[in-house]
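This report concerns only the one structure given below.
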Amino acid sequence: MTTTRTDEVVGEAPAAPVTPADRRDRERMRRRAARRRGGGWWPYLFLAPWFVGLFGLTVYPMLDSLYLSFTDFDLLSSAKWVGTENYSRMFTDDPVFWDSVHATLLYVLVSVPLKLALALGVAILLNRPLKGIGVYRAAFYLPSLLGGAVAVAIVWRQVFGGDGLFNDFLGWFGIKGQDWISSPDTSIYTLILLAVWQFGTPMVIFLAGLKQLPKDVYEAAAIDGAGTFTRFFRITLPLLTPIVFFNVVLQIIDGFKTFTPAYVVSNGTGGPLNSTMLYSLYLYKKGFTDLQMGYASALAWVLFLVIAGFTAVNFIASRYWVHYDD
């Protein structure tokens, strides 16, 4: 006897058919959701000019410069691959390179601390509620607007020349001056003085930081009998360390890239005896005067690595002296 078993299948109600109108509505809703999520190609269209500038004016020139640093290229003929010859020559057979390194390090290590100290001192003075304080702030910021100009560098050369105003000033006190620009012992310090004179930019940044410091901390310190110097070193300076760090990084980078004052004051020679041959000036001379663009590209990449190294050291060291709110 054969028994046939029939299972009872319980099914769901069949779904309603999807009409073309329903498909259009769903597609419209999907597009709206994509637009709300920032999807689509419209954002990339608006970002396209930035991408063109990034890759066309930054990334590609950097990669091309890296390639040229391994070549012998004079701007007039095709580049010839020479490997690491430019770098070997730079470190082993180029005394002017080391003169430029010495001048640049002296310039940066002396001018940056002096500029920041002066900028902080002036910012503290200008942070007081004085009448017409805006005029004073503008007047102190003015040298930073003019200091990088060629005209100011020309005036600077005249001021510290043999018959310049600085020697006239010394003559009032019976001191015999000299040609400070033409002396290899003092020429670099005229550039340092010019850099320190341009303290306006870090001063404005310090001033903005001072205005954010909490007033109640100073009031409590004054009640406890803390003097001016105690408040500065125990309250102002620790709270201002993030601003100090920011200014240090910016000014070191700007110091290594300084070109115009050295070029104008020395008439493009870097003299006397390469005492004002800052690194950027030497790079320019190799690339556009001697037409050694491959060697100049190698110099540029060394400068890039040095600036990156100094910046990295500053960030690592900042863990031990920069104090944030958290």
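The values are calculated or read from the model by the stated rules, or taken from the named source; none is laboratory data. Just so we're clear, the structure is a prediction, and the values are computed from it rather than from any experiment. Glycine gets a Cβ as well: all are built from the backbone with ideal geometry, and neighbour counts include every protein chain shown. To get the accessible areas, we keep the full protein, side chains included, count just its heavy atoms, and leave off ligands, DNA and RNA. Shrake-Rupley method; radii C 1.70, N 1.55, O 1.52, S 1.80 Å.
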Is there any pair with a first residue in segment 151-162 that is closer than 19 Å to Gly177 by Cα and a second that is aromatic (Phe, Trp, Tyr) whose Cβ atoms are under 7 Å apart and which are 6 or more apart or on different chains, and what are they?
Val159/Phe166; Phe160/Phe166; Phe160/Trp180
Scan segment 157-172 for residues that are at pLDDT 85 or above, open to solvent by less than 40 Å² (accessible area, probe 1.4 Å) and more than 30 Å from the chain's Cα centre (by Cα) and jot them down.
Asn167, Leu170
Out of all the residues in segment 44-56, is one or more open to solvent by less than 90 Å² (accessible area, probe 1.4 Å), outside any helix (DSSP H, G or I) and over 30 Å from Leu239 (Cα atoms)?
no
Only one of Gly270, Gly309, Gly225 is modelled with pLDDT under 95 and open to solvent by less than 40 Å² (accessible area, probe 1.4 Å); which?
Gly270
Output for segment 316-326, where each listed residue is in contact (Cβ under 8 Å) with a residue 24 or more places away in the chain, surrounded by 12 or more Cβ atoms within 10 Å (Cβ to Cβ) and not polar (S, T, N, Q):
Val322, His323
Residue, farthest from Leu191 (Cα to Cα), within segment 77-118, restricted to residues that are among the aromatic types (Phe, Trp, Tyr) and open to solvent by less than 60 Å² (accessible area, probe 1.4 Å)
Tyr87
Identify, from the list Ile175, Ile154, the residue that is open to solvent by 60 Å² or more (accessible area, probe 1.4 Å), among the aliphatic types (A, V, I, L, M), assigned to a loop (DSSP other than H, G, I, E, B) and modelled with pLDDT of 80 or more.
Ile175
Looking at Phe288, is it modelled with pLDDT of 95 or more, out of contact with any strand residue (DSSP E or B) (no Cβ under 7 Å at 6 or more places or on another chain) and open to solvent by 70 Å² or more (accessible area, probe 1.4 Å)?
no
Conditions: (1) over 22 Å from Val204 (Cβ atoms); (2) modelled with pLDDT under 95; (3) open to solvent by 20 Å² or more (accessible area, probe 1.4 Å); (4) not charged (D, E, K, R). Thr260 meets all but one. Number of the miss?
(1)
For segment 210-326, which fully contained helices (runs of 4 or more DSSP H) count at least 1 residues that are touching a His at 6+ places or on another chain (Cβ under 9 Å)?
241-256
Among (1) among the hydrophobic types (A, V, I, L, M, F, W, C); (2) more than 18 Å from Ser297 (Cβ to Cβ); (3) modelled with pLDDT of 95 or more, Val101 falls short only on (2)
Select from segment 72-131 the residues that are in contact with a strand residue (DSSP E or B) (Cβ under 7 Å, 6 or more places away or on another chain), outside any loop (DSSP other than H, G, I, E, B) and among the hydrophobic types (A, V, I, L, M, F, W, C) and list them in ascending order.
Trp81
Do the conditions hold for Gly134, that is, is it open to solvent by less than 60 Å² (accessible area, probe 1.4 Å), modelled with pLDDT under 90, not in a helix (DSSP H, G or I) and not basic (Lys, Arg)?
no
